[in-house]
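Step one of this worksheet: look at the structure below.
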Amino acid sequence: MENSELQSLVERLSLQYFHKPFRHQAYFNLRLRTTGGRYLLRSHNIEINKKYFDEYGEQEISGIIKHELCHYHLHLEGKGYQHRDRDFKELLNRVGAPRFCSPLAKAPSSRKVIYYTCQACGLLFKRKKRINTGRYVCGKCGGKLKMTMG
């Protein structure tokens with residue numbers, strides 16, 4: 001799906017569910033990571049996370065668009081457009097928009113784990129970052145640390 005197709009989908013959903021036109025821009029934002037979409041207060045544009053379309057398809061995107069259109073139309077009407085507002089919650093229920101989007105599959109972590117062993121007592125330390133073994137010692141006995149697996 002391209003931005004032009006997304007724009008026409010947003011315009012169609014706005015007329016179908018809200019009976020009002022969408023007069024601004026809707027586009028995919030490839031930098032969005034933790035949210036399905038967002039409504040921008042100053043420009044009134046809507047950004048959608050492309051990963052949701054790639055992973056779940058048009059049905060999930062339609063729900064995200066309806067959610068963002070609730071923010072859009074309520075904000076332009078001067079009503080409560082935030083998640084905690086009653087107007088927003090009622091409009092979500094009326095149009096059948098989800099309150100939250102489905103979670104994306106987690107990408108495999110590229111961070112490796114580094115193990116340190118105390119040379120005196122044998123205690124094993126697990127760390128995500130490297131530590132300076134010349135500066136740090138075992139917290140149990142004060143012995144010297146040695147990197148074992150990394």
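The numbered conditions (1) touching a Gly at 6+ places or on another chain (Cβ under 9 Å); (2) surrounded by 10 or more Cβ atoms within 10 Å (Cβ to Cβ) are all true for Lys112 except (2). Looking for something outside any helix (DSSP H, G or I), in contact (Cβ under 8 Å) with a residue 40 or more places away in the chain and of a type in the set (Ser, Thr, Tyr) - is there at least one such residue anywhere in the range 131-150? Within the range 131-150, not a single residue is outside any helix (DSSP H, G or I), in contact (Cβ under 8 Å) with a residue 40 or more places away in the chain and of a type in the set (Ser, Thr, Tyr). Here the condition is being open to solvent by 90 Å² or more (accessible area, probe 1.4 Å) and either of a type outside the set (Phe, Trp, Tyr) or assigned to a strand (DSSP E or B) (or both); of Lys89, Lys126, it holds for Lys126 alone.
The values are calculated or read from the model by the stated rules, or taken from the named source; none is laboratory data. As the structure is a computational prediction, the values presented were derived from the model and not from experiment. Because the Cβ atoms are built from the backbone with ideal geometry, glycine has one as well, and the counts that use them run over all protein chains shown. What goes into the accessible areas is simple: the full protein's heavy atoms, side chains included, and nothing from ligands, DNA or RNA. Shrake-Rupley method; radii C 1.70, N 1.55, O 1.52, S 1.80 Å.
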